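Take a look at the structure below.
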Amino acid sequence: MKTEITELLGIEYPVIQGGMAWVAECHLAAAVSNAGGLGLIAAAAAPAEWVREQIRKTRELTDKPFGVNIMLMSPEADEVAKVIVEEGVKVVTTGAGNPEKYMAAWKETGVKVIPVIASVALARRMERCGADAVVAEGTEAGGHIGEITTMALVPQVVDAVKIPVIAAGGIADGRGMAAAFMLGAKGIQMGTVFAASKESVIHENYKNSILKAKDIDSRVTGRSTGHPIRVLRNDMVRKYLELEQNGADFEEMEKLTLGSLRRAVQEGDAKNGSLMAGQIAGLVKEERSCSDIITDTVKKAEQLMGVSVNE
Ligand code: TUI
């Protein structure tokens with residue numbers, strides 16, 4: 001399946017893995033890349049040296065292209081930006097901010113830069129400062145989100161920029177992929193379905209929470225603090241939303257969420273951990289390999305579109 005994205009990145013299928021904090025490490029990244037997509041290591045708030053180590057480990061597990069996702073709110077972001085250059089990483093995606101100050105250094109060394117954006121304004125700005133593509137991520141996505149749905153955001157971003165657009169948020173199968181192409185996207189990014197894949201190293205309780213989730217099981221915490229995060233509902237989320245509704249102060253709410261993603265991913269605390277996942281979790285019913293996920297998704301999308309995407 002050839003599109004501007006497969007050509008830009010030198011990959012077989014225009015499928016990118018989401019940069020999921022604590023979830024997207026070397027094994028998942030390599031599995032997605034080996035399956036013909038673009039695997040990503042999520043730098044999240046991890047130390048830059050951890051990212052370097054993960055890059056080197058991923059290279060041992062795959063000879064295909066892979067990338068690093070930088071979470072721009074991380075205090076380590078400056079250091080991670082340097083590690084990307086030093087280690088010769090080919091692709092970087094960014095989230096939760098504006099990566100402008102790193103663009104010149106990355107472009108100079110030939111790193112392909114794909115910011116994840118949630119608005120037309122940021123997409124335009126990223127194109128002006130040299131982005132190679134953008135991921136337009138709708139509010140259906142898991143984790144830190146914007147306001148606009150994928151259905152409304154993708155065509156508006158497609159009309160606003162000339163660089164290729166990758167659609168994200170609410171996509172977990174070939175129907176979602178075909179819909180994204182109809183909106184003008186040249187590729188898709190999926191997170192939740194890969195978090196629940198066989199190669200994902202997250203605790204089985206977290207995986208089971210995704211597999212069990214229904215359509216209405218996600219909630220958004222942090223709307224009042226300006227950091228909206230989509231997670232699956234549990235005891236912690238109920239308490240958080242109660243505090244938020246009662247106008248509790250930031251520190252009180254922060255106490256609940258501090259370390260909560262690690263508690264979910266590593267300890268399997270499905271009650272008090274932060275189970276970041278998208279609204280599409282209800283569609284993810286079984287643990288499949290990354291290769292099965294990608295080939296099923298692409299096959300179904302091609303069948304629905306009736307043509308190969310380059311025609
Ligand atoms: O970044 C994501 N998803 C994430 S990051 C994350 S880790 C985290 N943990 C706690 C608090 C915050 C983050 C978990 N999930 N997706 C990409 C994304 N970026 N969605 C929305 C945005 C975004 C939002 C505002 C990008 C830029 C922006 O404003 C930039 C500006 O300065 O204008």
- Item | Scope region 85-104; condition within 18 Å of VAL51 (Cα to Cα) and either surrounded by fewer than 17 Cβ atoms within 10 Å (Cβ to Cβ) or away from the ligand (no atom under 11 Å from the Cβ) (or both); matching residues | VAL85, GLU86, GLU87, GLY88, VAL89, LYS90, VAL91, VAL92, TYR102
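Yes or no: region 257-267 includes at least one residue that is in contact (Cβ under 8 Å) with a residue 60 or more places away in the chain, surrounded by 14 or more Cβ atoms within 10 Å (Cβ to Cβ) and not in a helix (DSSP H, G or I). I'd like the intermediate steps shown before the answer.
Here is the first cut: in region 257-267, the ones in contact (Cβ under 8 Å) with a residue 60 or more places away in the chain are 261-262, 264-267.
Going one step further and asking which of them are surrounded by 14 or more Cβ atoms within 10 Å (Cβ to Cβ), we end up with 261-262, 264-267.
Those left that are additionally not in a helix (DSSP H, G or I): 266-267.
Yes, the conditions are met somewhere in region 257-267.
Please enumerate the residues belonging to region 155-167 that are in contact (Cβ under 8 Å) with a residue 40 or more places away in the chain, of a type outside the set (Gly, Ala, Ser) and outside any strand (DSSP E or B). Lay out the reasoning, then the answer.
First, pick out the residues of region 155-167 that are in contact (Cβ under 8 Å) with a residue 40 or more places away in the chain: 157, 160, 164-166.
Keeping just the survivors that are of a type outside the set (Gly, Ala, Ser) gives 157, 164-166.
If the condition is that a residue be in contact (Cβ under 8 Å) with a residue 40 or more places away in the chain, of a type outside the set (Gly, Ala, Ser) and outside any strand (DSSP E or B), then VAL157, PRO164 are the ones that fit.
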- Item | Any hit, region 203-216, residues being open to solvent by 20 Å² or more (accessible area, probe 1.4 Å), under 21 Å from ALA42 (Cβ atoms), out of contact with any Lys or Arg (no Cβ under 8 Å at 6 or more places or on another chain) and in a loop (DSSP other than H, G, I, E, B) | yes
- Residue pairs within 8 Å by beta carbon, gap of at least six or interchain, first lying in region 168-193 and without any contact (Cβ under 8 Å) to a residue 60 or more places away in the chain and at positive phi, second surrounded by fewer than 24 Cβ atoms within 10 Å (Cβ to Cβ) and of a type in the set (Asp, Glu), listed first then second, are GLY184/ASP159
- Item | Lone unmet requirement of (1) open to solvent by 70 Å² or more (accessible area, probe 1.4 Å); (2) part of a loop (DSSP other than H, G, I, E, B); (3) at pLDDT 95 or above for LYS2 | (3)
- Search region 125-154 for residues that are open to solvent by 20 Å² or more (accessible area, probe 1.4 Å) and pair each with any residue that is within 10 Å of the ligand (Cβ to nearest atom) and in a helix (DSSP H, G or I) when their beta-carbon atoms are under 7 Å apart and the residues are at least 6 apart or on different chains. CYS129/GLU100
- Item | Contacts under 7 angstrom Cβ, first residue in region 84-101 being modelled with pLDDT of 95 or more, partner basic (Lys, Arg), 6 or more apart | GLU87/ARG52; LYS90/LYS112; VAL91/LYS112
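Can you work out which of the residues in region 105-124 that are assigned to a strand (DSSP E or B) and open to solvent by less than 30 Å² (accessible area, probe 1.4 Å) is farthest from the ligand (Cβ to nearest atom)? I'd like the intermediate steps shown before the answer.
Just the residues of region 105-124 that are assigned to a strand (DSSP E or B), to begin with: 112-117.
Now restrict to residues that are open to solvent by less than 30 Å² (accessible area, probe 1.4 Å): 113-117.
Working: VAL113: 14, ILE114: 11, PRO115: 8, VAL116: 4, ILE117: 6 Å.
Residue satisfying both the conditions and the ranking: VAL113.
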- Among the residues of region 181-201, is any out of contact with any strand residue (DSSP E or B) (no Cβ under 9 Å at 6 or more places or on another chain), within 14 Å of the ligand (Cβ to nearest atom), at pLDDT 95 or above and not in a helix (DSSP H, G or I)? no
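The values are calculated or read from the model by the stated rules, or taken from the named source; none is laboratory data. Here the structure is a predicted model, which is why all the values come from computation and not from measurement. Please note: Cβ atoms are built from the backbone with ideal geometry, for glycine as well, and neighbour counts cover all protein chains shown. Calculation scope for accessible area: heavy atoms of the full protein, side chains included, ligands and nucleic acids excluded. Shrake-Rupley method; radii C 1.70, N 1.55, O 1.52, S 1.80 Å.
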